[in-house]
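Chemist: Below you'll find the structure I mean.
The values are calculated or read from the model by the stated rules, or taken from the named source; none is laboratory data. From a predicted model like this one, the values you see are computed outputs, not experimental measurements. Here Cβ is always computed from backbone atoms with ideal geometry, including for glycine, and neighbour counts include all displayed protein chains. The accessibility values were calculated without ligands, DNA or RNA, using every heavy atom of the protein model including side chains. Shrake-Rupley method; radii C 1.70, N 1.55, O 1.52, S 1.80 Å.
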Amino acid sequence: MAAPGAGPGAGKVQEDLHKLKMENINLKGTTETVDISDLRTAPERTELGLRKCAENYLNAISGQVLPVCSAGNKEVNSKEAPQWALPSGASQKQLVLPRVPVEPVTVQTCSRASPRVPQGSQQQVEMDIKIMLDPENMENKAGLKHQNDETRLPLITKKKSAPLCSQKTGKGHTVATLWGFPAFPPLDSPLPLLEEDTPKGALSLTGQRLILPAAKVTLQTPPVVSKAAPSQEFPRQHKKSAVGEISSRLDPENTDTTTFPNSKEGIYGTSSSSKGNIAPLPSSSSVVSARKSKPVWTYPAQQLESEGQIPSQTQPPQAPPCQSLQDPRSDWDIVVCHGTVDPRAPGFLALKQHHHLSWGSIVAFLERAEKLLKDFSVPLATISGKKLAQVASDFELDENPPKSAILSVIKNQSAVAKILNRPGQSSKGRGGAEMAATKIQRAWRRHRAGKAAARSRRRERASGVIGASWRSWNHMARHLAANWNRIRTSRRTIIHIPSLGYSQRIREHIPDLAVQQNMQMGRLCDILDANVDVIYICPLPLSEELLQYYNKLLGLQAAVRSGNPEDMGDLQDRFRILTPEAINSFPQHHMCLATQLKYSPKTMQRIQVLLQSRDAYVVGGVPHADDLAVADMLDVPVLGPGPEVAQLYGTKSGSKRIFASACVPTPPGESDIHSREQLIRALSQLVVDSVEVQRWVLKMNEERGGNGTAYCDVISHLECYHWLQKEWQSHGPEGWSRSQARELALVKISQELPGLLAQHVQPVNEKRFPTWEKFLQTFLTQGGVIEAFPPSNTITTLTVDLLIEPTGEIRIVSSGDQLHAEGPFRSSGSSIPQRSVDPAVLSSLCWRIGDTCRSKGVLGYFSVDFVAFTHPQTMEQQVWATDLDLCYSDQLALTQLLLYVTDGNVDCGSSPLEAPLGSQAVKSQWIQRERTKPPAPVSPRCAVASTQLRHSNLSETSYNVLLQRCKARGVGFDLQEKQGTVFILYEDQKRDRLGMITIGEDLQGVLLTFARNLFIIHQEISAPNMQGETNFKMAIQDIEAILGVTAENKLKLEEEQPWEADALKE
């Protein structure tokens, strides 16, 4: 039960507080000069007065907790005059009551009729008050009630640090430090209870055994809960100074509250106000709402380090608790939230006050730290004020501190460093997107510039290497030219490298590149000259079987000369077949042979040993830069053109320039075609100017062997052909070029050509170019030429091999009419020597072409392709130069083998191939003629040779078995007659290709023998149910066509010139 008589005491206190508030409000009127001595004693007197009143009130209500009526109860508030007067000696105008935050409690409002305390309980109340005032008095203990009596004790709570209050900036004159009373709560709120007063109340009665433990004691929530207010302990030397600096930083926006530093007693504080304003009391609703939400504050650095969670920028962190301007435990910490420092924070203000002499460097350092944390979007960082002051003094105002220095002053350094080192964190801060874009652009520009610089350095280095190689090659070439007459007649070594140095994109589409590079085994026959040793670089590893075959073949030299098979010798010391070891390291890279040799140090070392400081030179294939590299490593010259000369004039367009400079006849056409529009325009012009041409041929610049060739019969597919033919005949060849019909025909053909080409163009290599669009794409990439196909039914293609010696001398070393087993645009072999063109006419053309090539820097071996046909209108033979290959040809290698096995020689100026007869044949002729006529020293020979014979069933039979079967069927070579058949074997892995050369006295017989040999080989290696894939049948058909033409030409020759026919028969 509530103790009676407590109600009037509570009402009295409320009335006193209300009146005290009204009196203090009246202090707002004027501001006068304040005596400092009175202000010094005012806080002490005020404290003593407040404590005394609080003790009296608590002693009065400790026995019974009474409800506090609201301020609206006029009856209670007007009972008695307020007895809580201000301390003596303190003027009301000099005092400002600060607002003291208290723990909100639930307030029980009273009704209009408050209960009165009965008169019978006054004595008990007095006794309780005595006990509470002096609990140690034994006389008071004797007056205790029975233990069953009920005593209600107030609830005492622990002191809690008050939250940081906002500040108020007063207006008017700056005065000295003013000490003020704590602001009392509203009249309807409970009063605060100090912790020092609790031991004197009822809470200590049980501990002192004044109340029995079994007594029923009800502790009700006290109307007042004490709570420590924040305070600041200023140093003694500053206690007498004014607080103008602090008051200048009070919050100008918050005019309702003032800031009071914390102290151990919780009641001291400072305030600055020009008008003496008293902080308004909070309403009941604000007190209740404040009680419901009690945020628990965690120290920022501890929260960031322990939890490892960074609050997002969209959710700002809770306001830090009120910290004193000088708290030794806080170390003047500065909290940086999202890169921003609050200049009103206590730590910031205290740091500025204590380090005002070095404040400029501290602010500059702090600005750098703010910028770093804001740029990296660091949500929370705590800066140590002491470390900040120490580190900032080491830097100048305009000096930018490094990141390590900034991190050294941060308390949660590990967490902040982790954020700073997080990838992409710098792009999340202020202006991060623009900064990231700038960095990306800068990185890309740096990368692009770096690549350009690296490419430039690589090119510069390559140019240096190429320049050095070129200078070395040029020096070697001059040396070779100066000493060629001596070298060609002295002991020398020829290094044959049959490399196909085409570009990489061309080599990738050459099937069996290694086999194609090994089809010139006839180069070994250079040992026919007794002063020559040969080193042949083979792109394939040869088995012992193949090595023995070539040892026997080359050992026939003495037997061929004597005609006696027993005179075979061993010439293994005259030639070497070496295979670079790099062929196993780069099996799928489509490297040319020169490149493989370059990366084969063991083979290069062996070649250097074999040279033995003798005169030597390199004879390559298709020129490549690595030919010069190998020659430079071996310190020998190259008998051939440089790679740059070969790339310029070795293409289809380059050959047209050579032929134009040499003034030799060429087919109508256009070169250097690189666009679709140029192609249509050039072809339309050609069709209009050469109406008699039925077929037009497209050739890519870099392709060889007909792989980049396509043709189209344009005239027969034109819709305007009949009109064109009629107009052309009506105007005649001379008037056609000036007629208007020609311009109209040009327009019509230009419109029809795109669709016509797409439907009727026929590529030679259909596997690689199945459609016109695919062919056109490659054609335009490489560039190419358009040329007319001869308008005749009888066409002969021939190849002439020439040599430009280092001294500038030009020689024709081989010639032959091509065989076309796989179509008119692919050569499968040759008949040696050529017999389709007058040798004098052919020599004249070759001399002009050779002279032009020499002027362009061409050196060594090269070949020229011609086409001969009978013009349908003039019925005269015409010869067109169609192609130029600046390399050692397959036909030349076959010619070398032909000369080796016949011990003959060829004079391409008169085109005969003569071979001396064997000694036994000469003797028999001498006996038969009985000195009537001198013995014939030589006998005419001709040959049909091919390197492109292909049959899939060859792989099922070994070479030894094949040669024995052929020998049993009469396929062999007669050493005495110097005629027969010789095979060229390339490799023994796939074994689906071989070369063959057939030698005889007349062309017709040689062609028949060649066709018969193909038929025999096919029978020996094929079964009726396994014919295999071969080109033997097409070769036989081509030979039959040639035989038909040969027989027809022979009949015509007999009719027109019988004496020449008889000479041929003899």
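Chemist: Give me the percent of Cα-Cα pairs in segment 588-640 that sit more than 13 Å apart, rounded to a whole number. Provide the component values of the computation, followed by the final result.
Modeler: Details: 794 of 1378 pairs.
For segment 588-640, the share of Cα pairs beyond 13 Å comes to 58 percent.
Chemist: Further question on the same structure: Quick check: pseudo-label points 7 Å beyond the Cα along Cα→Cβ at Ser585 and Asn421, how many nm apart are they?
Modeler: For the pair Ser585/Asn421, the computed spacing is 4.3 nm.
Chemist: Can you give me the Cα centroid spacing of segment 938-984 and segment 812-863 in angstrom?
Modeler: Centre-to-centre (Cα) distance: 26 Å.
Chemist: Treating only the Cβ atoms of Lys and Arg (+1) and Asp and Glu (-1) as charged, compute the dipole magnitude of segment 691-772 about its Cα centre; round to the nearest 20 debye. Walk me through the intermediate numbers first.
Modeler: Numbers: 9 positive and 10 negative charges, 31 e Å.
Roughly 160 debye for segment 691-772.
Chemist: Work out the FRET efficiency for Glu367 and Ala433 from their Cβ-Cβ distance, taking R0 = 30 Å, and round it to the nearest 0.05. Write down the numbers at each step before the final one.
Modeler: On the way: r = 23 Å, r/R0 = 0.77.
The formula returns an efficiency of 0.85 here.
Chemist: Give me the percent of Cα-Cα pairs in segment 762-894 that sit more than 20 Å apart, rounded to a whole number. List each step's numbers first, then the result.
Modeler: On the way: 4698 of 8778 pairs.
Looking at segment 762-894, the distances longer than 20 Å represent 54 percent of pairs.
Chemist: Okay, next question. Report the label-to-label distance for His871 and Gln390 in nanometres (one decimal), using points 7 Å from each Cα along the Cα→Cβ vector.
Modeler: That separation, rounded to one decimal, is 10.7 nm.
Chemist: Still on this model: Using a simple spin-label model with points 7 Å from Cα along the Cα→Cβ vector, what separation in nm is obtained for Trp359 and Glu692?
Modeler: 10.9
Chemist: With the Cα gyration tensor of segment 386-544 in hand, convert its eigenvalues to equivalent ellipsoid semi-axes via √(5λ) and list them largest first in whole Å.
Modeler: Numbers: eigenvalues 1023, 101, 49 Å².
Equivalent-ellipsoid dimensions as semi-axes: 72, 22, 16 Å.
Chemist: Now for a different question. Please work out the average accessible area per residue across segment 723-793, using the 1.4 Å probe convention, and give it in Å².
Modeler: On the way: 3870 Å² over 71 residues.
Accessible area per residue, segment 723-793: 55 Å².
Chemist: Which FRET efficiency, nearest 0.05, do Gln759 and Thr794 yield, Cβ-Cβ r, R0 22 Å? Don't jump to the answer; show the numbers that get you there.
Modeler: Details: r = 29 Å, r/R0 = 1.33.
The calculated FRET efficiency here is 0.15.
Chemist: Expected output is a single nm value to one decimal: the length gained when fully extending between Ala452 and Thr41, i.e. 0.36 nm times separation in residues minus the C-alpha distance. What is it?
Modeler: Details: separation 411, 0.36 × 411 = 147.96 nm, distance 8.44 nm.
Taking Ala452 through Thr41 to full extension adds about 139.5 nm, to one decimal.
Chemist: What is the local net charge at Glu434, summed over the other residues whose Cβ is closer than 15 Å to its Cβ (Lys, Arg +1; Asp, Glu -1)?
Modeler: Details: positive: Lys374, Lys428, Arg430, Lys439, Arg442; negative: Asp375.
With Lys, Arg at +1 and Asp, Glu at -1, the neighbours total +4.
Chemist: Let me ask something else. Apply 1/(1 + (r/R0)^6) to the Cβ-Cβ distance of Trp723 and Gln1037, taking R0 = 30 Å, and write down the FRET efficiency to the nearest 0.05. Can you show the working numbers first?
Modeler: Numbers: r = 39 Å, r/R0 = 1.29.
For R0 = 30 Å, the calculated efficiency reads 0.20.
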